Every structure is written in C-alpha cells, then in structure tokens.
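Chemist: To start, I am sharing the structure in question, which I have written as structure tokens.
The values are calculated or read from the model by the stated rules, or taken from the named source; none is laboratory data. Everything quoted here is computed from the prediction, not taken from an experiment. Note: ideal-geometry Cβ built from the backbone for every residue, glycine included; neighbour counts use all protein chains shown.
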Ligand code: ARG
C-alpha cells in the first residue's frame with residue numbers, strides 16, 4: 001500500500017464528504033489499512049479516531065463519509081472508484097489500473113536502465129529523512145593477529161547493509177572498522193615471537209620492515225597461545241610481555257612527538273614487529289572483504305610513517321569506502337585517551353581500585369569501566385571512549401552506532417553511561433546494534449556456536465570459499481552452457497556462493513541466532529540467496545524472450561515500456577504490485593530499526609508472489625500471442641526485477657545476468 005497511501009489520501013481529502021468532515025490528507029492517510037479479506041475492498045479507512053474527536057459513533061462517521069457520489073476527477077485518472085461503509089470502516093474499491101500505473105511508473109522513473117551495470121543507480125524507495133545528518137557506523141572491527149572468525153561475518157554484513165540502507169534515506173554514513181590493534185596482548189605476542197623465533201627480533205633490530213617474513217595470521221595466533229600457555233608455569237614471562245609493550249608504547253609516543261630517535265632501537269624494533277603483524281592481518285582481512293565486495297580505507301593519519309592527513313573528505317569517498325581506524329589511533333595519533341583520563345579525574349567520576357583507575361557506571365556490584373590498568377596501560381573501554389569522542393567531533397555526528405554481537409551488551413551500556421558521566425549528552429543517542437550467534441551443526445547433531453572441524457574453528461574465508469566452490473560444482477553439473485564461459489561462470493559462482501551466505505545471515509531478525517545449514521543456504525528454491533538471484537535472472541530472461549517475440553511479430557523491441565496496466569486483470573498481479581508498492585516503506589523501517597531482515601523479507605514476499613503468479617498463468621504465459629497482454633506483463637516483470645535487484649544490492653549482494 002505504501003506509495004499508494006499518500007495519493008489515495010490526497011484524493012479522498014477532495015471528496016465533499018471528507019471536506020465536510022474537515023479531514024486532511026495526513027489524517028486520512030494515518031487511518032488507511034488493508035482490509036483483512038479481499039472481497040471487502042482494496043483499502044479501508046478506520047473511523048475510530050475521527051469519531052472520538054467528533055464525539056460520535058464510528059459507524060455514523062463511516063456512513064457519512066461513504067455517502068455521496070465519487071467526485072469527478074481533476075484531470076489525472078481517479079484512483080478510487082467507490083466507497084461503502086462497513087461498520088466502523090469505509091471500504092474503498094480502487095481503480096486498479098490507475099494505481100498500478102502509478103506504482104510501476106514510480107519504479108521506472110527511479111530505476112533507469114536495464115543492465116546490471118545500471119543497477120547501482122536504481123534508487124526506488126529513496127528517502128530524505130537523514131538529509132544533512134551524519135551517522136558513524138562501527139562495524140566488522142576484528143582483532144589483528146587473529147583470524148577473522150565467523151562471528152565477524154555477521155557484523156560485517158549487517159553493518160554493510162545498514163550503511164547502504166541509511167544512505168538510501170539521505171544519511172551521510174561514515175563506516176569505521178575499529179580494528180583491535182592495541183592492548184597489552186601485543187606485548188605478549190612480541191615477547192613470544194622473540195622467544196620462539198629469535199630471527200624475528202634480530203631482523204627487527206636491524207631495521208627490517210618485514211621482520212616476520214612470510215608468517216601467516218595462523219602462526220601469530222599460535223605463537224600468542226603458546227606464550228600464554230607457558231606463562232602459566234613461568235610467571236616471569238608476564239613481565240617480559242609488559243616490558244615489550246612498554247617499549248612499543250614509548251616508541252609510538254616518541255614517534256608522534258617527532259622524537260622517534262630518542263626512544264631507542266628496541267622500541268623501534270617492537271614497532272616494526274607490531275606494524276608487520278598488522279599488515280599481515282590486514283592483507284588477510286582484505287581477501288575476505290574483497291569476497292564480500294567491501295572496501296576499507298586506512299585512515300591516513302594512522303599511517304605512522306607518513307603522517308598524512310586527509311584534509312578533503314569528498315562525500316563519495318565515504319560512500320565507497322569505510323575507514324580503518326584502529327584502536328591504536330586513539331593512543332598514538334590523537335592522544336584522546338589521556339584526555340578522557342584527565343576529564344574523568346577532574347570531574348571526579350573515576351576512582352582508584354587495586355592500582356587501577358575505574359568508573360563505576362552501574363553500581364558497585366557490576367564490574368566497572370577500567371580506564372587505566374594497574375600497569376599503567378589503557379584498556380578496551382578507554383580506547384572506545386576516546387574513539388566516541390573523536391567520531392563525534394571529527395565527523396560531526398550525533399549518532400554513533402556499533403554493530404557488535406550481543407555478548408558485548410554490558411560493554412556498550414557502560415560505554416554510553418561513562419560518556420554521559422563525562423558530560424557528553426549526545427551519548428544518549430548512541431546505539432548498540434546487537435545480533436545473535438551463528439550456529440553450526442556439531443557431529444552429535446546439536447547446534448553450537450562454532451564448528452571445530454578438524455580441531456579448528458571455522459574461518460570466515462573458508463566458509464566463503466566453500467560456498468563458492470559448491471556453486472561452481474552446481475554450475476558444472478547443471479549449466480554446461482554457462483560453464484563453458486569460464487570467466488562468466490566464475491563471476492556467477494562467486495556472486496551466488498557469497499550471496500547465499502549473506503542472504504542467510506540477513507533474512508531473519510538480527511537478534512536471532514542463525515543456523516548455518518549448507519543444504520538450506522545453497523538451496524535454489526525457498527527463502528535463499530540463490531533463489532532470490534535466480535528470480536532476478538528469470539525476470540531478465542522473460543524480458544529477453546519478449547524482445548525475441550517482439551522482433552518476430554513486429555511489436556517493437558521496447559514496446560513493453562508502454563504496457564497498459566488495464567491489461568493486468570488478475571488478482572495475483574494486483575497483489576504483486578501492492579508488494580512492490582510496499583518496498584519503500586519496508587526500506588524506511590529497515591533503515592530506522594537497523595534491521596536488514598525487513599528488506600530481505602519484503603524481497604522474499606515479492607519473489608514468492610511472482611512465482612505463484614507465474615505458476616498460475618501457465619495457460620496464458622507471460623509472453624504469449626496477445627501483444628497488449630504480453631507488453632503489460634513484461635512491464636510488471638521489469639518492475640519486479642528492478643525492485644529485487646535494488647533490494648539485493650542494498651543487502652550487499654552482487655547481481656548476475658545469468659545463472
Ligand atoms: N574488536 C572487537 C572484537 O572483535 C570488537 C570491537 C567492536 N567495536 C567497538 N567499538 N568496541 O570483539
């Protein structure tokens with residue numbers, strides 16, 4: 001109903017009976033509903049609110065409003081054909097052809113071009129609500145020196161979809177990857193590397209920028225774990241870790257103050273190790289992000305060697321890239337952590353506790369925020385507070401949003417409260433967009449948090465590779481035509497495989513735990529990514545089929561664009577148009593609630609309705625003998641294709657022409 005509601009209400013506001021009742025279009029629009037049964041009319045108006053205001057019975061109001069003739073049109077075709085009162089409601093019969101023309105026209109105008117290259121410009125459902133406002137969106141945010149685990153998939157995909165959906169509503173969205181690249185753990189990692197791989201330390205001391213050679217992230221995590229294991233027996237290793245971290249910290253501080261030479265060769269060596277570990281991790285992350293079609297851009301200031309500041313921030317840059325601003329940034333480049341600590345002391349918000357400096361945000365029986373650890377280092381919370389301050393100021397944003405799993409709920413409650421205690425009223429507008437777990441089937445048949453196939457947690461990259469490989473197999477088996485075009489086949493395998501994983505992740509409410517079931521995800525029928533893409537492709541093939549028929553029969557290749565909606569007489573066609581009309585409202589709500597599943601569900605409904613329409617029209621076919629009917633139906637097919645394409649892109653999927 002959505003994009004029809006406003007024009008219907010406007011038309012009703014011109015009816016004499018509505019004018020007499022003094023009802024405005026906005027008031028009318030707010031009371032329009034879909035009747036529960038189809039034979040009750042196409043749209044109904046509830047009269048309860050009007051009756052209450054006038055102090056009369058709803059049934060009386062309904063009878064009055066429905067009385068009288070439908071007024072003459074004012075040039076444009078009338079959308080409403082008649083009204084009947086039914087108890088407290090007025091049921092309206094719509095001029096379906098006029099309504100359908102309105103909806104299809106809106107889709108056609110906002111989605112020009114027929115090729116998938118045109119699709120990124122399609123903007124059906126665009127809104128203005130966010131105009132002039134900036135939202136800073138923290139998403140993905142993995143920790144370096146650890147593999148990108150499966151749970152980061154959810155943050156990445158939900159975050160990316162939110163970015164696109166908010167942008168569609170006019171927001172300027174600055175995406176930030178809050179890389180976990182700082183913390184005392186890195187002291188242990190460095191100590192471990194030096195202990196088990198002495199050549200690493202030597203190379204770093206000699207100034208080698210790649211002291212870790214060809215090490216992978218897997219080696220880094222194993223080194224860290226081995227060191228931690230050994231630490232349980234040898235307490236002195238704890239100090240070794242602290243010492244390495246202090247050296248690293250001092251070097252970076254000196255570097256930022258342009259006095260790097262004063263910090264000594266050991267600090268520099270640790271910095272080279274840390275930096276190389278970060279680069280190794282980023283290269284690995286980037287492979288996965290490329291799979292997903294997402295690009296993050298290192299915030300130039302983070303580049304400690306060049307200290308380049310990006311002064312111009314063209315809007316396109318923020319649309320096309322999210323930024324890496326790692327936790328280290330707030331300790332080094334901006335010195336904001338110290339600022340937070342100073343403020344907390346001055347405002348007497350912080351207190352000392354066992355050698356650490358803490359803020360109790362939720363009473364003494366809940367754990368406090370740790371600002372300074374007992375070894376003098378900053379903590380996760382300190383850096384998050386600094387990051388919030390930076391985001392608020394630098395990007396001039398009132399709305400800070402964090403796409404992070406539900407396990408960190410307390411962390412964010414404390415963060416927002418802590419900011420408030422420091423006098424930042426805008427903290428009230430921060431939001432933790434949480435989500436449920438990704439569950440895997442275990443050998444015993446139960447569903448659990450992580451699959452430990454071959455003793456290793458499932459890595460995000462493996463998962464995506466596996467999905468793509470499975471689709472490759474399906475193409476080889478089922479579509480030899482496509483398989484012969486190796487390049488195209490690879491593109492399709494990629495889009496469908498990754499799309500399968502993404503759609504599975506986004507189709508149910510984000511707070512739900514998601515079951516990762518290969519058979520279901522890769523199913524080409526049902527509520528799956530492959531099925532959605534398949535429907536999109538089918539719509540394209542029908543249009544092509546029309547082109548062929550049009551050539552043979554001299555209809556004119558693009559004649560479907562003039563398709564007359566009066567030809568679309570079937571109820572299932574009308575239902576389908578109503579679903580398309582609903583898309584803008586679904587998108588608006590999905591954006592407002594940070595809930596991509598609302599868009600996914602709208603697409604599922606469109607796809608399902610399309611499929612039942614096709615099944616039911618087998619006798620008459622979409623493209624048949626009747627030129628006028630074929631034109632109108634292909635016009636509808638085209639609108640479905642655009643809405644599906646638009647929606648799938650908003651969810652972060654890649655479109656394909658063939659499958
Ligand atoms: N690095 C953290 C993790 O992997 C997530 C960070 C989320 N963002 C934030 N601003 N705290 O668990």
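Chemist: Only one of 643, 623, 599 is in a loop (DSSP other than H, G, I, E, B), surrounded by 20 or more Cβ atoms within 10 Å (Cβ to Cβ) and in contact (Cβ under 8 Å) with a residue 24 or more places away in the chain. Can you tell me which?
Modeler: Details: 643 fails: in a loop (DSSP other than H, G, I, E, B); 599 fails: in a loop (DSSP other than H, G, I, E, B).
On inspection, the qualifying residue turns out to be 623.
Chemist: Let me ask something else about it. Against the conditions (1) within 12 Å of the ligand (Cβ to nearest atom); (2) within 30 Å of residue 2 (Cβ to Cβ); (3) assigned to a helix (DSSP H, G or I), where does residue 136 fall short? Just the number, please.
Modeler: The one condition residue 136 does not meet is (3).
Chemist: Oh, and also: Would you check if there is a residue in the range 555-563 being under 37 Å from the mean Cα position of the chain (by Cα), touching a residue at least 24 places away in the same chain (Cβ under 8 Å) and surrounded by fewer than 19 Cβ atoms within 10 Å (Cβ to Cβ)?
Modeler: Within the range 555-563 (the criterion being under 37 Å from the mean Cα position of the chain (by Cα), touching a residue at least 24 places away in the same chain (Cβ under 8 Å) and surrounded by fewer than 19 Cβ atoms within 10 Å (Cβ to Cβ)), the answer is yes, since at least one residue qualifies.
Chemist: Kindly indicate whether any position in the range 210-229 is within 16 Å of the ligand (Cβ to nearest atom) and assigned to a loop (DSSP other than H, G, I, E, B).
Modeler: no
Chemist: Can you pull out the residues in the range 182-193 that are surrounded by 24 or more Cβ atoms within 10 Å (Cβ to Cβ) and within 13 Å of the ligand (Cβ to nearest atom)?
Modeler: 182
Chemist: A further question on this structure: Could you list, in sequence order, all residues of the range 318-348 that are crowded, with 18+ Cβ neighbours inside 10 Å and assigned to a loop (DSSP other than H, G, I, E, B)?
Modeler: Matches in the range 318-348: 325, 326, 327, 332, 333, 334.
Chemist: Now, a different point. Being within 15 Å of the ligand (Cβ to nearest atom) and out of contact with any strand residue (DSSP E or B) (no Cβ under 8 Å at 6 or more places or on another chain): is that true of residue 196 here?
Modeler: Here the answer is no, as residue 196 does not meet what is asked.
Chemist: Please enumerate the residues belonging to the range 393-414 that are within 14 Å of the ligand (Cβ to nearest atom), touching a residue at least 40 places away in the same chain (Cβ under 8 Å) and not in a loop (DSSP other than H, G, I, E, B).
Modeler: 400, 401, 402, 403, 406, 410, 413, 414
Condition check ((1) surrounded by fewer than 20 Cβ atoms within 10 Å (Cβ to Cβ); (2) out of contact with any strand residue (DSSP E or B) (no Cβ under 8 Å at 6 or more places or on another chain); (3) under 17 Å from residue 529 (Cβ atoms); (4) in contact (Cβ under 8 Å) with a residue 24 or more places away in the chain) across all residues:
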| residue | (1), (2), (3), (4) |
| --- | --- |
| 593 | yes, yes, no, no |
| 628 | yes, yes, no, yes |
| 633 | no, yes, no, yes |
| 637 | no, yes, no, yes |
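Chemist: Here's a follow-up. When the range 153-170 is examined, which residues are found to be farther than 18 Å from residue 297 by Cβ and in contact with a helix residue (DSSP H, G or I) (Cβ under 8 Å, 6 or more places away or on another chain)?
Modeler: 153, 154, 157, 158, 161, 162, 165, 166, 168, 169
Chemist: Right, next: Looking at the range 415-428, is at least one residue within 11 Å of the ligand (Cβ to nearest atom) and buried (at least 23 other Cβ atoms within 10 Å of the Cβ)?
Modeler: Yes: the range 415-428 contains one or more residues that are within 11 Å of the ligand (Cβ to nearest atom) and buried (at least 23 other Cβ atoms within 10 Å of the Cβ).
Chemist: Related question: Please enumerate the residues belonging to the range 21-30 that are loosely packed, with under 12 Cβ neighbours inside 10 Å and over 37 Å from the mean Cα position of the chain (by Cα).
Modeler: 22
Chemist: Looking only at the range 164-180, filter to residues that are within 15 Å of the ligand (Cβ to nearest atom) and either surrounded by 23 or more Cβ atoms within 10 Å (Cβ to Cβ) or part of a helix (DSSP H, G or I) (or both); which one of those is nearest to the chain's Cα centre (by Cα)?
Modeler: For the range 164-180, the residue satisfying everything is 175.
Chemist: Could I ask something else about it? Among the residues of the range 216-246, write down those that are under 17 Å from residue 187 (Cβ atoms), crowded, with 17+ Cβ neighbours inside 10 Å and touching a residue at least 40 places away in the same chain (Cβ under 8 Å).
Modeler: 220, 224, 231, 237, 240, 241, 242, 244, 245, 246
Chemist: Can you name the number of the only condition in (1) part of a strand (DSSP E or B); (2) away from the ligand (no atom under 16 Å from the Cβ); (3) farther than 26 Å from residue 597 by Cα that residue 439 fails?
Modeler: Failing condition for residue 439: (3).
Chemist: Is at least one residue of the range 370-390 surrounded by fewer than 20 Cβ atoms within 10 Å (Cβ to Cβ), modelled with pLDDT under 90 and either in a helix (DSSP H, G or I) or near the ligand (Cβ under 9 Å from one of its atoms) (or both)?
Modeler: There is no residue in the range 370-390 that is surrounded by fewer than 20 Cβ atoms within 10 Å (Cβ to Cβ), modelled with pLDDT under 90 and either in a helix (DSSP H, G or I) or near the ligand (Cβ under 9 Å from one of its atoms) (or both).
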